[in-house]
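What follows is a structure written as structure tokens; I'll ask about it next.
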Amino acid sequence: MIIVMQSKATDAQVEAVQHRIRDLGLKPHLSRGEFRTIIGAIGDESLMRAELFAALDGVESVMPIMRPYKLASRDFHAEDTVLDVGGLKIGGPTITVVAGPCSIESEAQFRETALAVRKAGAAMLRGGAFKPRTSPYSFQGLGEEGLKILQAVGREVALATVTEVMDVRELEAVSRYADVIQVGARNMQNFRLLTEVGHLRKPVFLKRSPAATIEEFLMSAEYILSEGNRQVILCERGIRGFDNSTRYTLDLSAVPNIQKVSHLPIFVDPSHATGRRELVVPMALAAVAAGAQGVMVEVHPHPDKAMSDGPQQLTPDAFALMMRELAPIAQAVGRQLQKPK
Ligand code: PEP
Ligand code: MN
């Protein structure tokens, strides 16, 4: 249920409504928009009766939120959410490009990639240290050593960093070394992990599971939001279809589809979605044309030698070309590529 406050409601009136919500054993979530304050009452819906709030001073209206996701919904927060990641504005009118290798393989490999993507204009740096591999015999990532490289190189090139956490046991280390914590496609419904990242006050990059509906995807975001962490970035990265000529099937319609119902920023990862280098750039351009607030792209100095996801990683030259092609597309949809801080 959401309680819409009158535009002239005082802080004391807002507090009184939150107090009543807590008294009922529910959780209040405050959303202060430019024009009005909305208070979400989240919890057992059988306890929520509009008349318990409608008569309180300063209340304009009380409405149920019909969708199963509440805090992720535009009913709760009408304007687009804009996150601040070390001065970068994510989710506003800018397009944020996140680039870097699939895996951090060595300090030299990561530094070479980081310098190249920064020069080409990427605003954020990615690199996996804990890798979710289909085979237990494949390279699993450098673990904490990889996190240290991520942080050191990120600082050196002055780019905010993002890396994946796969398990609650690794969360403390990942959140210590990285600026943004990625929850990958395979863990999108690891509800314990979502709850734990919800306790942090750090941005979370949540990727859609290849088998998740849009509603399930937003319910996963809701897990994080309901624990009080409002900093969630969504990422479409392809869903499982029947055509095996691409790795997954990129659901580009997810972008406007999600933007209609949710205020959270939505990115697109064309690298994992297609699995094929030659398809990555066209799909990155299409993602921006479709209104995505960012793209995540894998880049490797020598993709043929990569320890994971070689076929989909762009060379630094191909990435630089992609950045040049993205700029006019961004402009055509009234956006601009975000410059690194
Ligand atoms: C990744 O971004 O490194 C990754 C493994 O992606 P996904 O979880 O989308 O497969
Ligand atoms: Mn990868």
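The values are calculated or read from the model by the stated rules, or taken from the named source; none is laboratory data. Just so we're clear, the structure is a prediction, and the values are computed from it rather than from any experiment. Cβ coordinates were reconstructed from backbone atoms using ideal geometry, including for glycine residues, and neighbour counts include every protein chain displayed. The protein model used for the area step is the full one, side chains on, heavy atoms only, and it has no ligands, DNA or RNA in it. Shrake-Rupley method; radii C 1.70, N 1.55, O 1.52, S 1.80 Å.
Normalised radius of gyration for region 200-341, please: alpha carbon Rg relative to 2.2 N^0.38 Å, two decimal places.
Region 200-341 yields a ratio of 1.06.
In whole percent, how big is the carbon plus sulfur part of the accessible area of the chain, probe 1.4 Å, protein atoms only?
53 percent
Then there is this: Suppose R0 equals 41 Å. What FRET efficiency, 1/(1 + (r/R0)^6) with r the Cβ-Cβ distance, do ALA332 and GLU34 give to the nearest 0.05?
Plugging the Cβ-Cβ distance into 1/(1 + (r/R0)^6) gives 0.90.
To continue, here is another question. Enter the accessible area per residue of region 2-63 (Å², integer; probe 1.4 Å; all protein chains in place).
Counting only protein heavy atoms, the per-residue value for region 2-63 is 57 Å².
Rank-order 335-341, 265-271, 217-223 by packing density, defined as the average count of other C-beta atoms within 10 Å over each peptide's residues, highest first.
265-271, 217-223, 335-341
Report the equivalent ellipsoid semi-axes for the chain in whole Å, largest first, defined as the square roots of five times the eigenvalues of the gyration tensor built from alpha carbon atoms.
37, 20, 19
Set the Förster radius R0 to 35 Å, insert the Cβ-Cβ distance between VAL168 and TYR137 as r into 1/(1 + (r/R0)^6), and round the FRET efficiency to 0.05.
0.90
Then there's this: Under 5 Å between amide hydrogens, which residues at least 5 positions from GLY121 or on another chain qualify, with H placed 1.01 Å from N in the peptide plane?
none
Averaged per residue, what accessible surface does region 83-337 expose to a 1.4 Å probe, in Å²?
Per-residue accessible area for region 83-337 comes out at 38 Å².
Only four residue types carry charge here, +1 at the Cβ of Lys and Arg and -1 at the Cβ of Asp and Glu. Report the dipole size of region 250-341 about the Cα centre in Debye, rounded to the nearest 20.
Dipole about the Cα centre, nearest 20: 340 debye.
What are the ³J(HN,Hα) values, in whole Hz, obtained from phi via the Karplus relation 6.51 cos²θ - 1.76 cosθ + 1.60 with θ = phi - 60°, for each residue of region 236-246 in sequence order, with x given for Gly and Pro?
Values, residue by residue: 7, 9, x, 10, 7, x, 9, 8, 9, 6, 10 Hz.
List the residues, sorted by chain then number, that are 5 or more residues from GLN182 or on another chain and whose placed amide H is less than 5 Å from its amide H.
Those qualifying (amide H under 5 Å, at least 5 residues apart or on another chain) are THR163, GLU164, VAL165, PHE205.
Let me ask something else about it. Ordered by packing density, taken as the mean number of other Cβ atoms within 10 Å over each peptide's residues, highest first, how do 93-102, 193-202 rank?
Averaged packing, sorted descending, gives the order 93-102, 193-202.
Identify the trypsin sites (Lys or Arg not before Pro) of region 1-61 meeting these criteria: DSSP loop state and at most 16 other C-beta atoms within 10 Å of the C-beta.
Here the sparse-neighbourhood loop sites are LYS8, ARG36, ARG49.
A further question on this structure: Output wanted: per-residue J couplings in Hz (rounded whole) for region 130-145, from phi through Karplus 6.51 cos²θ - 1.76 cosθ + 1.60, θ = phi - 60°, x for Gly and Pro.
10, 9, x, 9, 5, 9, x, 8, 7, 3, 9, x, 7, x, 4, 4
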